[in-house]
Amino acid sequence: MPTSLIAIASVLKKTGIQVSLYDENIDMFDWHSNIIGINLLGAPYIPCAIDYLKKLNDKFGENNYRLVIGGQVVNGLTKEQFFSLFGKNAINGNNIHELASLFGLRAEQFSPVEKISFIDGYNLLDDNNFRLYLQTEAGFYLSQGCKYSCTFCGASRSRINPITNQKERCVEQYRDIDMAVKDIEFLIQKSLQFDIHELNFYLSNLDLFQTPDCLSKFADKLLLLKEKYLNFDIHFRALATVKSFLDVHKNCPELLFKLVKVGLNKIGFGVDGASPIVWKKTKKPHTKSACINAIKVIKETYGIIPEILMVFGYDEFDNEETLKLTLDFAHQMNDIYGAIPRPHVAKDVLPGSDNWYKKEYAEKVNCLINNPNLFVNLDFTALPSEITHANERFRELTAKYYLEMCAMSDSLTQYVKPISQEMSDSELQDVVKFNLERYDF
């Protein structure tokens, strides 16, 4: 389900703007409008946006269309980088002032996305497509922002401002909980129309347990929904930091039991290796003993399935010893607690990460901006490449340990292959064919 597009469509509809919603994974768009918005799920999709611009240019002619580009990755680009990649016909859809100007409106005329229901957006969906979405897991927007400052993360988080060099603290921002639950009830009712009796959600929270008060209010509202729809099941999963989970376990375990009751069945912990040295370098706020404790407690006390997200293979910090520690840790947690491994390859630059703005990485960043097809190599599921791991020996080691973790029987990650500028057209086609439908879950 294209949740981000449904959200912005709801904002635009509430402002009185006519909107149509298309999913070109299902139906082709007939381009009856010359103002088109797309959402980028991450840096690897930047080449797709550039290709889309070329199609629009062929369809409408230069200067006769506008492409609105949204997604968190856009926030990681400087204004110069944005226009270098996408040109003057593109608009940063995350910038409410630019979006308002496009429609001849003022920014204050747009309702904050956190304050509204998305039912207007859901109602734009064709019933056949809606049924397809409801039969599979859907992303659900509940909050955004993380108070922690992991250096490799491109999401909305606490960070050092690259211009002022001052720390900017991020506070998790929840949607209006009544609006969020109203949307879930609407989706339940829509599911029942299609004779579907369960919903599966992946919550948007970057760290589910960092704001327990808001989470508890959400859980209380879900309990009322479950009582109203007794024969309907809701299941959801989310990401969490080890530290926030252990804090909630210590201070309000009743919240965790309540979440289990309303459908929480899986948590992905951002463990990201097994080396204290690497954790310190990347500003991960936990220890090995804390990780083990969190995995043990969430499984044995609450019956929630633990997933362990492993971003490892840092070009600057890791070595063969730390790579092996990471793989061994994944095997141990899987063997003892059934923790599901979700391996990913660390990338030293990513729009929004700390290194993206550092002078010592300027050459690599410029290479990506000037050769945007290489952005596909920044996929966290992509094997290491020349641009992400310059040292050939370390690149081979990282690939070796990453593939071994991907091969574990419970692993959820389907790795993808990177590309290089030296590849022939046939080699590029082979990579594209191999990567098709190998999504990160």
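The values are calculated or read from the model by the stated rules, or taken from the named source; none is laboratory data. All of these numbers come straight from a predicted model, not from anything done at the bench. Every residue, glycine among them, receives a Cβ derived from its backbone with ideal geometry; neighbour counts consider all protein chains shown.
Per-structure values
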item	result
Qualifying residue in the range 388-400 (condition: part of a loop (DSSP other than H, G, I, E, B), aromatic (Phe, Trp, Tyr) and modelled with pLDDT of 95 or more)	no
Of all residues in the range 414-441 being touching a Ser or Thr at 6+ places or on another chain (Cβ under 9 Å) and aromatic (Phe, Trp, Tyr), the one that is nearest to Pro47 (Cα to Cα)	Tyr439
Filter result for Leu412 (modelled with pLDDT under 95 and either crowded, with 20+ Cβ neighbours inside 10 Å or not assigned by TED's automatic domain parsing to the domain that holds Leu85 (or both))	yes
First in the range 414-440 and over 29 Å from Leu309 (Cα atoms), second anywhere and in a helix (DSSP H, G or I) and aliphatic (A, V, I, L, M), Cβ under 8 Å, 6 or more apart	Gln421/Leu374; Met423/Val431
Candidates Thr322, Thr287, Thr282 - the one that is within 23 Å of Ala399 (Cα to Cα), over 20 Å from the mean Cα position of the chain (by Cα) and either among the polar types (S, T, N, Q) or not assigned by TED's automatic domain parsing to the domain that holds Ser191 (or both)	Thr322
Selected residue (criterion: nearest to Val431 (Cα to Cα)) from residues of the range 365-387 that are more than 23 Å from the chain's Cα centre (by Cα) and assigned to a loop (DSSP other than H, G, I, E, B)	Glu386
Tally of residues being at pLDDT below 95 and of a type in the set (Ser, Thr, Tyr) across the range 290-317	1
Residue within the range 282-304 that is in contact with a strand residue (DSSP E or B) (Cβ under 6 Å, 6 or more places away or on another chain), of a type in the set (Val, Ile, Thr) and under 19 Å from Lys400 (Cβ atoms) present	no
Check on Ile387, assigned by TED's automatic domain parsing to the domain that holds Ala274, in contact (Cβ under 8 Å) with a residue 40 or more places away in the chain and β-branched (Val, Ile, Thr)	no
Test: residue in the range 385-392 that is farther than 25 Å from Arg157 by Cβ and in contact with an Asp or Glu (Cβ under 8 Å, 6 or more places away or on another chain)	yes
Residue tally, condition in contact with a helix residue (DSSP H, G or I) (Cβ under 6 Å, 6 or more places away or on another chain) and not aromatic (Phe, Trp, Tyr), over the range 227-248	3
Residues (surrounded by 17 or more Cβ atoms within 10 Å (Cβ to Cβ), over 15 Å from the mean Cα position of the chain (by Cα) and assigned to a loop (DSSP other than H, G, I, E, B)) located in the range 347-364	Lys347, Asp348, Val349
Verdict on Lys54 being exposed (fewer than 13 other Cβ atoms within 10 Å of the Cβ) and closer than 28 Å to Cys367 by Cα	yes
Subset of the range 91-150 (residues that are exposed (fewer than 15 other Cβ atoms within 10 Å of the Cβ) and polar (S, T, N, Q))	Ser101, Gln109, Ser111, Asn128, Gln135, Thr136
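This table checks each residue for (1) surrounded by fewer than 17 Cβ atoms within 10 Å (Cβ to Cβ); (2) under 15 Å from Arg342 (Cβ atoms).
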residue	(1), (2)
Cys367	yes, no
Asn371	yes, no
Leu374	no, no
Thr381	no, yes
Ala390	yes, no
Glu396	yes, no
Leu403	yes, yes
Ala407	yes, yes
Ser424	yes, no
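Conditions tested, residue by residue: (1) closer than 30 Å to Ala346 by Cβ; (2) in contact with a His (Cβ under 8 Å, 6 or more places away or on another chain); (3) touching a residue at least 60 places away in the same chain (Cβ under 8 Å); (4) assigned by TED's automatic domain parsing to the domain that holds Leu378.
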site: Asn94; (1), (2), (3), (4): yes, no, no, no
site: Ala107; (1), (2), (3), (4): no, yes, no, no
site: Asn123; (1), (2), (3), (4): no, no, no, yes
site: Leu142; (1), (2), (3), (4): yes, no, yes, yes
site: Thr151; (1), (2), (3), (4): yes, no, yes, yes
site: Lys167; (1), (2), (3), (4): yes, no, no, yes
